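Student: Sending over a structure as structure tokens; questions will come in a sec.
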Amino acid sequence: MTRSLCLVLVAALVTLTGGAEAQPKEPAKNVTNGIGMKFVWLPGGNFVMGSPKEEKERGDGETQHKVTLTKGFYMGVYTVTQEEWQAVMGNNPSHFTGAKNLPVENVSWDDCQEFIKKLREKDKKPYRLPTEAEWEYACRAGTKTPFHFGETISTDQVNYNGEHIYGDGKKGLDRKKTTPVGTFPANAWGLCDVHGNVYQWCQDWAGEYPQKDLVDPQGPETGLLRVLRGGSWYYEPGYCRSAYRHRGVPDARYGNVGLRLCFFAE
């Protein structure tokens, strides 16, 4: 067989098989699970976690450090709703009810673990709470300002206690209750209510940030309190900042605390 004929046959074989090496499958950008929960794909990357020293109302535990997330993951577009919780757990523990698509609240970190266990059994995906680093990465969506939409905040953008102001902002509504998920504009990755409405449990134990750059941080190995992020309808706007760190007793239930899920692609 001549050399030229061999090259032609090899080229034809490569064309038919799609190449000598299979290309990795790109994850779907948006997925909806068996009970209607929507998730969006977030690629891995790096960002500066924490807040700059000049940020208004900055907390002592927000030391800036570079974080690298080596794997992309799916993040819930919304916090878990009461309907979704009911579909999995068969009950609704929430204090605020009556409207469609209200976030579930009044759930402890321990309750969330039971919800995740049952949802995994039901839908066969590795659901979990996000780490604190994943949560802030998702919230910021590439931004460096106190909020994903800029330097200040209004009750047209977020559900918080509008009797208080942040920076150059103005007073607004104090709704004194939760609002349906998706009421306010999403961030650049399509995630809604990353600021305000209900605090969101994270997987991590609460602890101090290490004074170094981190790769895929998981938080302290042990602790007494679990991380909460995002602010809520009850608190003033400074608590809604992307970098703000709150914490709670893992078996306690609060009327302004819910959850958002994530999972790695299979």
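The values are calculated or read from the model by the stated rules, or taken from the named source; none is laboratory data. Computed from a prediction, not measured in an experiment: that's the story for all the values here. For neighbour counting, all protein chains shown are included, and Cβ atoms are generated from backbone atoms with ideal geometry for every residue, glycine included. Please note that ligands, DNA and RNA were not included when accessible areas were found on the heavy atoms of the full protein model with its side chains. Shrake-Rupley method; radii C 1.70, N 1.55, O 1.52, S 1.80 Å.
Student: Residue check, E57 against (1) under 22 Å from N256 (Cα atoms); (2) out of contact with any helix residue (DSSP H, G or I) (no Cβ under 6 Å at 6 or more places or on another chain); (3) open to solvent by 40 Å² or more (accessible area, probe 1.4 Å), all met but one. Which one?
Tutor: (2)
Student: Kindly indicate whether any position in the stretch 110-126 is in a helix (DSSP H, G or I), in contact (Cβ under 8 Å) with a residue 24 or more places away in the chain, open to solvent by 30 Å² or more (accessible area, probe 1.4 Å) and under 20 Å from C192 (Cβ atoms).
Tutor: no
Student: Something else now. Suppose we filter T222, T179 for residues that are at pLDDT 95 or above and farther than 20 Å from A99 by Cβ; which single one remains?
Tutor: T222
Student: One residue is enough: does the stretch 136-143 have a residue meeting the conditions open to solvent by less than 40 Å² (accessible area, probe 1.4 Å) and either of a type in the set (F, W, Y) or in a strand (DSSP E or B) (or both)?
Tutor: Within the stretch 136-143, one or more residues are open to solvent by less than 40 Å² (accessible area, probe 1.4 Å) and either of a type in the set (F, W, Y) or in a strand (DSSP E or B) (or both).
Student: I would also like to ask the following. Is it the case that the stretch 228-237 has a residue that's more than 21 Å from S108 (Cβ to Cβ) and either open to solvent by less than 50 Å² (accessible area, probe 1.4 Å) or at pLDDT below 95 (or both)?
Tutor: yes
Student: Identify, from the list N91, N101, the residue that is in a loop (DSSP other than H, G, I, E, B), touching a residue at least 12 places away in the same chain (Cβ under 8 Å) and open to solvent by 40 Å² or more (accessible area, probe 1.4 Å).
Tutor: N101
Student: What strands (runs of 3 or more DSSP E) completely inside the stretch 187-266 contain at least 1 residues that are among the polar types (S, T, N, Q) and under 14 Å from A138 (Cα atoms)?
Tutor: Passing ranges, in order: 199-205.
Student: Of the residues that make up the stretch 61-82, is at least one open to solvent by 20 Å² or more (accessible area, probe 1.4 Å), aliphatic (A, V, I, L, M) and over 18 Å from G231 (Cα atoms)?
Tutor: no
Student: Answer yes if at least one residue in the stretch 167-188 is open to solvent by less than 40 Å² (accessible area, probe 1.4 Å), of a type outside the set (S, T, N, Q), touching a Gly at 6+ places or on another chain (Cβ under 7 Å) and under 23 Å from F73 (Cα atoms), and no otherwise.
Tutor: No, there is no match, as no residue in the stretch 167-188 is open to solvent by less than 40 Å² (accessible area, probe 1.4 Å), of a type outside the set (S, T, N, Q), touching a Gly at 6+ places or on another chain (Cβ under 7 Å) and under 23 Å from F73 (Cα atoms).
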